[in-house]
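Contents: one structure, followed by commentary.
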Amino acid sequence: MLKVGLTGGIASGKSVVGEMFVARGAHLVQADQISHELMQPGQAVYEEVVQHFGTAILNPDGTVNRPRLAEAAFGRAGGPSRVAELNRIVHPAVIRKQIEWMTEVGRRDPQAIAIVEAALIVEAGAKDRFDRLIVVTCKEEQRVHRFAQRLRMDLEAARREVTRRMAAQLPDEEKIKVADYVIDNSGSLDATEEQVRGVYGQLRAEILAAM
């Protein structure tokens, strides 16, 4: 089995690229989805997050309001960031789940390509848990437009939010330095698909060569 990390800055198109790999036969899990599951009422991570960030981050039904939690973690403009505090609570549990998932995929399919999609692989020092690292990148203005479209907000508000969140992430240039593969998602979907096709072929060749 080949363990692959898929990362990139906010709104770079990681999920789109991940879906393209799945369409070719790769297995994929999203760290964000794992985090969402761990923050359901009754989970230990949920209890600790509420203890640290308060009940103001909750919806009336007790579930976590993710935009409110993001605001509490990233801080208001000019205010202090508590991202590191949130990551200390959530990341260890997310990483354990990722490892469990990859182990199960490898047990079922020893020739699998198991991809973990996560925004902070490099920042969290988790690069060495993977055999290969793929970084997805795009132009800054594209991030803003994609983020605005995804959250249905105006461009200026999206630009401020993207800038705020990117401050908690390494620049693409730094991630690219440690990447095994870089997928430029600045062009058309067809252009991105062509890059995915090439990378997937190389990953499959690695597995076959190791047999």
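The order of 57, 176, going from fewest to most other C-beta atoms within 10 Å of their C-beta, is 176, 57. Ranking 179, 147, 167 by how far each Cα lies toward the positive end of the dipole of the stretch 142-183 (charges on Cβ) leaves 147 at the top. Spin-label pair residue 194-residue 150: with each label point 7 Å from Cα along the Cα-Cβ axis, the two points sit 2.5 nm from one another. Under a 5 Å amide H cut-off, with hydrogens placed 1.01 Å from N, residue 6 pairs with 116, 117, 118, 134 among residues at least 5 apart or on other chains. Residue by residue, the stretch 179-192 carries 3J(HN,Hα) couplings of 7, 8, 9, 10, 10, 8, 9, 7, x, 6, 4, 5, 5, 5 Hz when phi is fed to the Karplus relation 6.51 cos²θ - 1.76 cosθ + 1.60 (θ = phi - 60°); x denotes Gly or Pro. Rounded to the nearest 0.05, the FRET efficiency derived from the C-beta distance between residue 204 and residue 65 at R0 = 41 Å is 0.45.
For Kirkwood radius over Cα pairs in Å, the candidate list reads (1) 19.6; (2) 18.2; (3) 22.2; the entry that matches the value derived from this model is (2).
Taking 19 Å as the straight-line reach from the Cα of residue 97, the lysines in range (excluding those fewer than 8 positions away in the same chain) are 3, 127. Among 86, 6, 208, which comes first, second and so on when ranked by fewest other beta-carbon atoms within 10 Å? Sorted ascending by nearby Cβ count, the order is 208, 86, 6. Once you reduce the stretch 108-126 and the stretch 138-202 to the center of their Cα atoms, the two points are 18 Å from each other. Against the chain, whose longest principal axis comes from its Cα atoms, helix 140-151 is set at around 60 degrees. Only Cα pairs under 8 Å and at least 6 apart count here; give the relative contact order of the chain as a rounded whole percent. Computed over the chain, the figure is 36 percent.
What's the FRET efficiency of residue 52 with residue 19 using the Cβ-Cβ distance as r and R₀ = 30 Å, to the nearest 0.05? The pair residue 52/residue 19 has a calculated efficiency of 0.35. Here the Karplus relation 6.51 cos²θ - 1.76 cosθ + 1.60, evaluated at θ = phi - 60°, turns the backbone of the stretch 116-131 into coupling constants of 9, 8, 8, 6, 10, 4, 6, 4, 7, x, 9, 4, 6, 7, 10, 6 Hz, with x for every Gly and Pro. Of all DSSP-defined beta bridges confined to the chain, some 5% are antiparallel rather than parallel.
With θ taken as phi - 60° and the Karplus curve 6.51 cos²θ - 1.76 cosθ + 1.60 applied, the whole-hertz 3J(HN,Hα) list for the stretch 97-104 is 5, 4, 4, 4, 5, 4, 4, 5 Hz, x standing for glycine and proline. Close amide H contacts of residue 28 (hydrogens built in the peptide plane, cut-off under 5 Å, sequence separation of 5 or more or a different chain): 115. Here is how the number arises for the chain: DSSP H runs of 4 or more residues each give -39500 (n - 2.57), the sum is divided by the residue count, and the result at 222 nm is -17000 deg cm²/dmol.
Every number in this text was worked out from the coordinates using simple rules, so none of it is lab data. Only a predicted model underlies this, so the values are computations on that prediction, with no experimental measurement involved. Methodologically, a virtual Cβ is constructed for each residue, glycine included, from the backbone with ideal geometry; neighbour enumeration extends over all protein chains shown.
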